[in-house]
Amino acid sequence: QVQLVQSGGGLVQAGGSLRLSCAASGSISIVNVMGWYRQAPGKSRELVATIATGGSTIYADSVKGRFTISRDNALNTVYLQMNSLRPEDTAVYYCNADAIPLGSPLGYDYWGQGTQVTVSS
């Protein structure tokens, strides 16, 4: 099977920076789109950013110009560099990957364990 293990996150003051990492491991054939989502208390999970294998990216309007998503295809790892953080960025951040396990003709959606990001004002 495929596992996504996240690292990074924590507490930072407004205007500060944090970096999240997420590594996909296990019996993987192909990792397609990887991305980050977040869920604030009382709110639905929302897209933060995604990145395709070729490097094309999509960002939520709320993070454009402040967050940068990148990936290392050789390591099946995706990163999220978060700069100029705001209190409204406070949420649990989840890594996501569309991956095809070895021996499978189909791809599946996988999620990381989530990591708390708290931005104090």
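The values are calculated or read from the model by the stated rules, or taken from the named source; none is laboratory data. On a predicted model such as this, the values are computed, not experimentally measured, just so you know. Heads up, the Cβs are rebuilt from the backbone with ideal geometry, glycines too, and the neighbour counts pull from every protein chain shown. Each accessible area value is taken on the protein alone, full model and side chains, heavy atoms only, with ligands, DNA and RNA left out. Shrake-Rupley method; radii C 1.70, N 1.55, O 1.52, S 1.80 Å.
Structural remarks
- Any chance G35 is touching a residue at least 24 places away in the same chain (Cβ under 8 Å) and of a type in the set (G, A, S): yes
- The one condition from (1) out of contact with any strand residue (DSSP E or B) (no Cβ under 7 Å at 6 or more places or on another chain); (2) open to solvent by less than 30 Å² (accessible area, probe 1.4 Å); (3) at positive phi that G9 does not meet is (1).
- Screening the candidates R66, R71 for the property of being more than 12 Å from Y37 (Cβ to Cβ) and out of contact with any strand residue (DSSP E or B) (no Cβ under 6 Å at 6 or more places or on another chain) yields one hit, R66.
- Residue match in the range 20-41 (condition: in a loop (DSSP other than H, G, I, E, B) and on the phi > 0 side of the Ramachandran plot): no
- Any pair with Cβ under 7 angstrom, 6 or more apart, that starts in the range 48-75 at a residue that is under 20 Å from I28 (Cα atoms) and ends at one that is open to solvent by 70 Å² or more (accessible area, probe 1.4 Å) and assigned to a strand (DSSP E or B): T50/I58
- Annotation: of all residues in the range 90-111 being part of a strand (DSSP E or B) and small (G, A, S), the one that is nearest to K43 (Cα to Cα) is A91.
- Here S44 does not fit the description of being open to solvent by 40 Å² or more (accessible area, probe 1.4 Å), assigned to a loop (DSSP other than H, G, I, E, B) and touching a helix residue (DSSP H, G or I) at 6+ places or on another chain (Cβ under 8 Å).
- Number of residues in the range 95-121 that are open to solvent by less than 20 Å² (accessible area, probe 1.4 Å) and over 14 Å from the mean Cα position of the chain (by Cα) equals 3.
- The lone exception for L75 - which of (1) under 21 Å from V5 (Cα atoms); (2) open to solvent by less than 40 Å² (accessible area, probe 1.4 Å); (3) assigned to a loop (DSSP other than H, G, I, E, B) it fails: (2)
- In the range 13-49, the qualifying residues are those that are β-branched (V, I, T) and farther than 15 Å from A60 by Cα, and the one that is modelled with the highest pLDDT is V33.
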